[in-house]
Amino acid sequence: MNPTTIKREVARHLLTVQAVRLRPDQPFTWSSGWQSPIYCDNRITLSYPDVRTYIKQALADAIRQHFPSAEAIAGVATAGIPQGALVADVLELPYCYVRPEPKKHGMGNQIEGRLEAGTRVVVIEDLISTGGSSLKVVDALRAAGAQVLGMAAIFTYGFPLATQNFADKNVSLVCLSDYEALLTEAQSLDYISADAMTSLAAWRENPAEWGR
């Protein structure tokens, strides 16, 4: 399927099941302190079998296309855990997931599941903002001896900072949909007005200062 079509289809699914909320007049506050007109919770898609199936198949197809030599899938805790498991099942590949840091009890694992050194791994994430937490998972996998081929995610805000962070770590990133596709679909579905579009576009350009 055409990548542009996939971007718009995924964006439409996210809006339809309200995994994405757009509130330029009543912004959300992120944990970073940023004021944001958008909140994305892709866990919601898991409750809708048709949407869940579309996304897992699209992620699997993206891995087949961009990372054909993948030998295992690794999910990012926590939101990437179920998405990664679904994709690994489609591809019939081994699966593990990676915590932000090692457990402070028990075996003290950071990587849950069996992963042999040298294994070619693709990381699955649900959402890319700055990329910081996602790339910590890459660091952990590399420290364990894995060969990280890249990362596949459902959605990205497309921040320049994220682009730079992934480049600095030499990690290829493939995302099913992005902020531009989301705004296009939101407008076509009459979710937002032309004035709101202007505000939403301005946020993406300078999220740290937007709304101040």
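Annotations
- Which listed residue is within 16 Å of the chain's Cα centre (by Cα), among the basic types (K, R) and outside any loop (DSSP other than H, G, I, E, B), from R64, R52: R52
- Candidate set from region 99-156 (those that are assigned to a strand (DSSP E or B) and in contact with an Asp or Glu (Cβ under 8 Å, 6 or more places away or on another chain)); member that is nearest to N170 (Cα to Cα): M151
- Residue in region 68-77 that is over 16 Å from M151 (Cβ atoms), buried (at least 16 other Cβ atoms within 10 Å of the Cβ) and not hydrophobic (A, V, I, L, M, F, W, C) present: no
- Applying the set (1) touching a Gly at 6+ places or on another chain (Cβ under 6 Å); (2) farther than 20 Å from M197 by Cβ; (3) buried (at least 17 other Cβ atoms within 10 Å of the Cβ); (4) not hydroxyl-bearing (S, T, Y) to P102 leaves exactly one unmet item: (3).
- Test result for D89, closer than 26 Å to R52 by Cβ, charged (D, E, K, R), open to solvent by 40 Å² or more (accessible area, probe 1.4 Å) and assigned to a helix (DSSP H, G or I): yes
- Identity of the residue in region 12-49, of a type in the set (K, R) and within 18 Å of the chain's Cα centre (by Cα), that ends up least open to solvent (accessible area, probe 1.4 Å): R12
The values are calculated or read from the model by the stated rules, or taken from the named source; none is laboratory data. Small disclaimer: the values here were computed from a predicted structure and weren't measured. A quick note on method: Cβ atoms are made from the backbone with ideal geometry, for glycine too, and the neighbour counts reach across all protein chains shown. Only protein heavy atoms, including side chains, enter the accessible area calculation; ligands, DNA and RNA are left aside. Shrake-Rupley method; radii C 1.70, N 1.55, O 1.52, S 1.80 Å.
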